[in-house]
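Trainee: A single structure is presented below for examination.
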Amino acid sequence: MYHKTLDAFPEKFLWGAASAAYQVEGAWDKDGKGPSIWDDFVKIPGKTFEGTDGEVAVDHYGHYKEDVALMKKMGLKAYRFSVAWSRIIPDGDGEVNQAGLDFYEALVDELIENQVEPVLTLYHWDLPQALQERYGGWESRKTVAAFKKYCQALFERLGKKVKYWVTMNEQNVFISLGYRWAAHPPAVTDVKRMYAASHIVNLANAEAIKLFRKMVPEGLIGPSFGYGPMYPLTADPQDVLAAENGEAFNNDWWLSVYCFGKYPKFVMKQLKQLEIAPEVTAEDAKLLASVKPDFLGINYYHGGTAKTNRIEAPIEEEKEFSKTDPYLMQPKEEQAVSPEVPMFNSVANPYLEKTDWGWEIDPVGFRVALRRIQARYDLPIFITENGLGAIDQLTADKKVHDQYRIDYLEKHLVELRKAITDGVEIIGYCAWSFTDLLSWLNGYKKRYGFVYIDRDEHEERSLERIPKDSFYWYQKVIQENGRNLQ
Ligand code: BG6
């Protein structure tokens with residue numbers, strides 16, 4: 001579509017920023033919090049960058065008032081944060097810990113008082129360790145019941161104060177990294193178990209939405225999915241077919257369940273042939289079909305490019321794989337032959353530049369993604385993450401001149417505005433992230449925030465909050481409601 005002029009951003013557009021509990025809070029065992037699978041996983045040597053952990057993180061737990069004051073200064077309209085399940089129910093499915101609920105209620109109150117809309121994520125990867133040990137985590141249906149109990153405690157306490165709720169953050173990422181690549185807990189490399197665990201998470205997602213309808217009738221709820229559009233490398237129909245396979249496995253497999261309440265035909269048939277399909281009972285199918293989210297949360301960083309398929313045409317010159325970033329890791333021998341991986345060869349896109357961590361930078365792909373999602377699933381979209389991970393330098397006079405981040409965000413926001421003008425329905429945009437935070441696997445070297453935090457992998461230092469240039473840039477974007485983004 002081409003437009004002579006671009007539509008304005010909606011009047012009540014939620015200009016936001018995001019975070020996740022484990023990455024910002026610290027206070028890992030304070031006020032009755034139980035350990036999560038991440039508290040244990042980070043202790044395995046070699047799993048995280050320079051052995052970093054979230055025990056202190058950026059101590060948002062101790063600094064939340066200061067952080068919200070900065071949000072107010074910026075004029076932020078929405079703040080997306082996640083709740084640590086093991087603060088609310090320390091052992092996963094036992095007693096509810098009132099002190100945990102008190103913390104999040106205080107945070108929500110502080111946000112509301114400062115005119116920042118809270119957007120609450122129920123699950124951003126930090127499963128209570130007790131559930132992993134007792135039931136095998138997401139491989140057990142008992143974890144679904146535990147999740148329901150945890151959701152109930154939050155809906156009860158915060159259902160009247162929080163309007164926007166996110167169920168699962170990037171199920172596609174935590175399931176793939178946790179069960180295929182062993183790069184996240186529980187560090188498994190078994191695709192059959194991966195698909196089985198993913199099915200359990202789908203059930204938990206559905207149960208949470210079902211309960212939400214009863215308990216929070218005025219609220220809006222949906223999952224956040226890490227979407228990357230797949231491109232064919234060329235117009236060779238084999239490449240086009242490979243890209244279709246990529247879309248089917250990487251995206252539609254997950255999104256169809258959320259949006260249509262059932263697994264898509266092509267992938268399910270293939271998985272059955274390969275004997276790695278999840279077991280879906282008649283009751284499961286009924287549950288999945290009975291719920292629909294109000295919106296789709298979309299986290300957008302980059303897409304992928306496909307060339308033919310590895311089964312018929314294996315190629316050597318695959319995209320440069322990273323040794324440190326599991327999102328881009330080369331499949332190990334046994335994983336490479338795992339039956340459904342080779343449906344498409346992943347290659348580098350020759351038109352795109354990359355970040356310092358090898359992630360392709362593709363603002364137009366953002367518009368492509370939004371168009372595809374709207375066309376296929378026809379739900380309002382909430383951008384729940386988008387941002388640039390980079391190495392920032394603090395100058396002697398305490399400034400961070402992150403023009404590269406401004407450029408990145410500006411280009412993506414212009415494409416977002418074009419997508420809105422095309423007709424995509426967008427509720428809001430949460431940049432990742434508000435403050436700097438712990439990158440799960442890349443420590444504090446890879447920074448995303450509008451606010452610099454004075455700490456690194458080795459030292460906590462002062463934890464001082466220092467607004468970067470991008471902070472003031474976003475402040476102006478919000479003031480102007482994006483008028484000058486074109
Ligand atoms: C998303 C996650 O996948 O990507 C965030 O939801 C994460 O929690 C973000 O921090 C960026 O990832 P990374 O590895 O660059 O920190």
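The values are calculated or read from the model by the stated rules, or taken from the named source; none is laboratory data. These numbers were taken from a predicted model, which means no experiment stands behind them. No Cβ is skipped: glycine too gets one built from the backbone with ideal geometry, and neighbour counts run over all protein chains shown. When the accessible area is computed, the model is the full protein with side chains, heavy atoms only, and any ligands, DNA or RNA have been set aside. Shrake-Rupley method; radii C 1.70, N 1.55, O 1.52, S 1.80 Å.
Trainee: ³J(HN,Hα) across the range 365-378 via Karplus (A = 6.51, B = -1.76, C = 1.60, θ = phi - 60°), whole Hz, x for Gly/Pro?
Mentor: Along the range 365-378, the couplings run x, 5, 5, 4, 4, 5, 5, 4, 5, 4, 5, 7, 10, 6 Hz.
Trainee: Expressed as a rounded percentage, what relative contact order does the chain have, with Cα pairs under 8 Å and six or more residues apart?
Mentor: Relative contact order of the chain: 17 percent.
Trainee: On to the next question. Run through the range 380-486 and list the trypsin sites (Lys or Arg not before Pro) located in a DSSP loop whose Cβ has at most 10 other Cβ atoms within 10 Å.
Mentor: Passing both the DSSP loop test and the Cβ count: ARG461.
Trainee: Between LYS262 and THR395, take the C-beta separation as r, use R0 = 56 Å, and let me know the FRET efficiency to the nearest 0.05.
Mentor: The computed FRET efficiency comes out at 0.55.
Trainee: Return a whole-number percent for the relative contact order of the range 1-156, with Cα pairs under 8 Å and 6 or more residues apart as the contact set.
Mentor: 28 percent
Trainee: To the nearest 0.05, what FRET efficiency results for HIS3 and ASP407 with a Förster distance of 25 Å applied to their C-beta separation?
Mentor: E(calc), rounded to 0.05, equals 0.65.
Trainee: Quick one: which residues, 5+ away or cross-chain, put their amide H under 5 Å from the amide H of ASN97? H built at 1.01 Å from N.
Mentor: Those qualifying (amide H under 5 Å, at least 5 residues apart or on another chain) are ILE89.
Trainee: Which loop-located trypsin sites (Lys or Arg not before Pro) does the range 33-119 contain, where loop means any DSSP state but H, G, I, E or B and the Cβ has at most 12 other Cβ atoms within 10 Å?
Mentor: Of the trypsin sites (Lys or Arg not before Pro), the ones in loops of the range 33-119 whose Cβ has at most 12 other Cβ atoms within 10 Å are LYS43.
Trainee: Which value in deg cm²/dmol, rounded to the nearest 500, describes the helix-derived mean residue ellipticity at 222 nm for the chain, given -39,500 (n - 2.57) per DSSP H run of n ≥ 4 and division by the residue count?
Mentor: Dividing the helical sum by the residues of the chain leaves -11500 deg cm²/dmol.
Trainee: Accessible area of the range 14-479 with a 1.4 Å probe: how many percent of it is carbon plus sulfur?
Mentor: 51 percent
Trainee: Determine the gain in length on full extension of the stretch LYS149-ASP102; use 0.36 nm per residue of separation and subtract their C-alpha separation, reporting nm with one decimal.
Mentor: 15.2 nm
Trainee: Rounded to the nearest 5, what % of DSSP beta bridges with both residues in the chain are antiparallel?
Mentor: Here the antiparallel bridges make up roughly 20 percent for the chain.
Trainee: Continuing with the same structure: What are the residues whose amide H is under 5 Å from the amide H of GLY443, where those residues sit 5 or more places off or on another chain and H is modelled from the backbone?
Mentor: Residues meeting the criterion, in which the H sits 1.01 Å from N, are PHE49.
Trainee: Which entries of LYS12/LYS398; LYS43/LYS142; LYS72/LYS399; LYS72/LYS398; LYS77/LYS445; LYS210/LYS272 show an alpha-carbon separation above 31 angstrom in the structure shown?
Mentor: Pairs exceeding 31 Å: LYS12/LYS398.
Trainee: Next question. Which of rounded, prolate or oblate describes the chain when judged by the alpha-carbon gyration tensor and an a/c cut-off of 1.5?
Mentor: rounded
Trainee: Moving on to the next point. Can you give me the distance in nm between label points at ASN484 and ASP190, each placed 7 Å from the Cα along the Cα-to-Cβ direction?
Mentor: Roughly 5.7 nm, to one decimal.
Trainee: Using amide H atoms built in the peptide plane, which far-off residues or other-chain residues are under 5 Å from PHE344 H to H?
Mentor: Those lying under 5 Å, H to H, from PHE344 are ARG310.
Trainee: Within the chain, what's the longest run with no GluC sites (Glu not before Pro) in a DSSP loop and at most 11 other beta-carbon atoms within 10 Å? Give the range, please.
Mentor: Segment 96-217 is the longest.
Trainee: Right, next: Karplus couplings for the range 423-437 from phi (6.51 cos²θ - 1.76 cosθ + 1.60, θ = phi - 60°), rounded to Hz, Gly and Pro as x?
Mentor: Running phi through 6.51 cos²θ - 1.76 cosθ + 1.60 with θ = phi - 60° gives x, 6, 8, 10, 7, x, 9, 9, 6, 9, 9, 6, 9, 4, 8 Hz.
Trainee: Only Lys, Arg, Asp and Glu count, each charged at its Cβ (+1, +1, -1, -1), so figure out the dipole size of the range 120-205 about its Cα centre, rounded to 20 debye.
Mentor: 360 debye
Trainee: Over the Cα atoms of the range 440-482, Rg to Rh with Kirkwood Rh, two decimal places?
Mentor: 1.11
Trainee: Could you give each residue of the range 256-264 its phi-based ³J(HN,Hα) in whole Hz, using Karplus coefficients 6.51, -1.76, 1.60 with θ = phi - 60°, and x for Gly or Pro?
Mentor: 4, 5, 4, 8, 10, x, 7, 6, x
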